[in-house]
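A quick write-up on the structure given underneath.
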Amino acid sequence: MMDIPPEYRAWFRNPDGSCVQCSLGMVGMWINRPEWTYLLWDTPYGPAERGGSWPGRVSEYARRRGMKVYNVTGRTYEDTRPWMLWAAQTGRFAAIGAGRAHFQTLYGYVPGDPRPWKVCNNNSTWKIDEYTEEEFRRLHMASGPWVVVPDEPPAPPPPIIVAWWK
């Protein structure tokens with residue numbers, strides 16, 4: 001799972017229908033890519049990207065900013081599910097269609113958990129929502145099968161604290 005503190009997730013709260021950019025920004029923070037992280041603000045990486053998005057718009061601003069993405073659309077859940085699993089399993093995570101005309105951040109996938117899918121909604125960044133496979137399928141398909149995954153190296157794994165002195 002991602003491990004971004006709530007006070008940093010709050011930076012990506014959706015104030016104005018910019019849910020795709022909010023989700024991509026949170027993914028960017030996780031993989032340490034400022035050209036992703038700062039989509040919502042004017043920076044040397046480009047102007048702020050605000051408002052609704054669609055696959056073509058994402059491709060265009062990703063190209064301008066040098067963001068390497070897999071911008072995947074499909075017809076069924078089975079078209080995008082493997083991408084979301086791969087994104088979670090490799091530590092890249094993803095911005096995903098989730099909810100009616102909405103994007104959220106794929107925050108984790110925990111095999112064996114009864115609610116394996118973990119999602120951060122950019123309308124409620126203080127919490128991580130958990131879904132069963134069927135609940136997640138419905139959530140994802142409510143927006144249509146679209147997912148944006150970094151074609152960038154993943155973040156390093158979280159450190160493991162070892163009591164070496166004991």
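The values are calculated or read from the model by the stated rules, or taken from the named source; none is laboratory data. Just so you know, these numbers come straight off a predicted model, no measurement behind them. Here the Cβ positions follow ideal geometry from the backbone for every residue, glycine too, while neighbour counts run over all protein chains shown. For the accessible areas, the whole protein counts, side chains as well, though only heavy atoms, and no ligand, DNA or RNA atoms are used. Shrake-Rupley method; radii C 1.70, N 1.55, O 1.52, S 1.80 Å.
Just how large is the dipole of the chain about the Cα centre, in debye to the nearest 20, putting +1 at every Lys and Arg Cβ and -1 at every Asp and Glu Cβ?
Details: 19 positive and 17 negative charges, 28 e Å.
Approximately 140 debye in magnitude.
May I ask you to give the solvent-accessible area per residue for the range 1-111, in square angstrom, as obtained with a 1.4 angstrom probe? Could you put the intermediate results ahead of the total?
Values: 5100 Å² over 111 residues.
For the range 1-111, the solvent-accessible area averages 46 Å² per residue.
Just to be sure I understand: with springs between alpha-carbon atoms less than 10 Å apart, which residue in 101, 88, 155 has the highest mean-square fluctuation in the Gaussian network model of the chain?
Judging by the Gaussian network model, the answer is 101.
Rg over Rh of the range 1-96, using C-alpha atoms and the Kirkwood radius, what does it come to?
Working: Rg = 13.1 Å, Rh = 13.8 Å.
Taking Rg over the Kirkwood Rh, I get 0.95.
Compute the separation of the alpha-carbon centres of the range 33-53 and the range 104-166 and state it in Å as a whole number.
22
When you count, for each residue, the other Cβ atoms within 10 Å and take the mean per peptide, how do 28-37, 137-146, 44-53 rank with the highest first? Spell out each step's value before the answer.
Details: 28-37: 20.0, 137-146: 17.5, 44-53: 15.2.
Packing proxy ranking, top to bottom: 28-37, 137-146, 44-53.
Carbon and sulfur atoms: what percent of the 1.4 Å accessible area of the chain do they account for?
Details: 4680 of 8330 Å².
Summing carbon and sulfur atoms, their accessible area is 56 percent of the total for the chain.
Place +1 on the Cβ of every Lys and Arg and -1 on the Cβ of every Asp and Glu in the range 37-76, take the dipole about the Cα centre, and give the residue among 72, 56, 43 whose Cα lies farthest towards its positive end.
So the residue furthest toward the plus end is 72.
Using a Förster distance of 25 angstrom, determine the FRET efficiency expected from the C-beta separation of residue 70 and residue 50, and round it to 0.05.
Values: r = 23 Å, r/R0 = 0.93.
Step by step, r from the Cβ atoms, then E = 0.60.
Given the range 38-166 reduced to its alpha-carbon atoms as identical point scatterers, what log10 I(q)/I(0) does the Debye formula return at q = 0.15, 0.21 Å⁻¹?
The Cα Debye sum returns log10 ratios of -0.75, -1.35.
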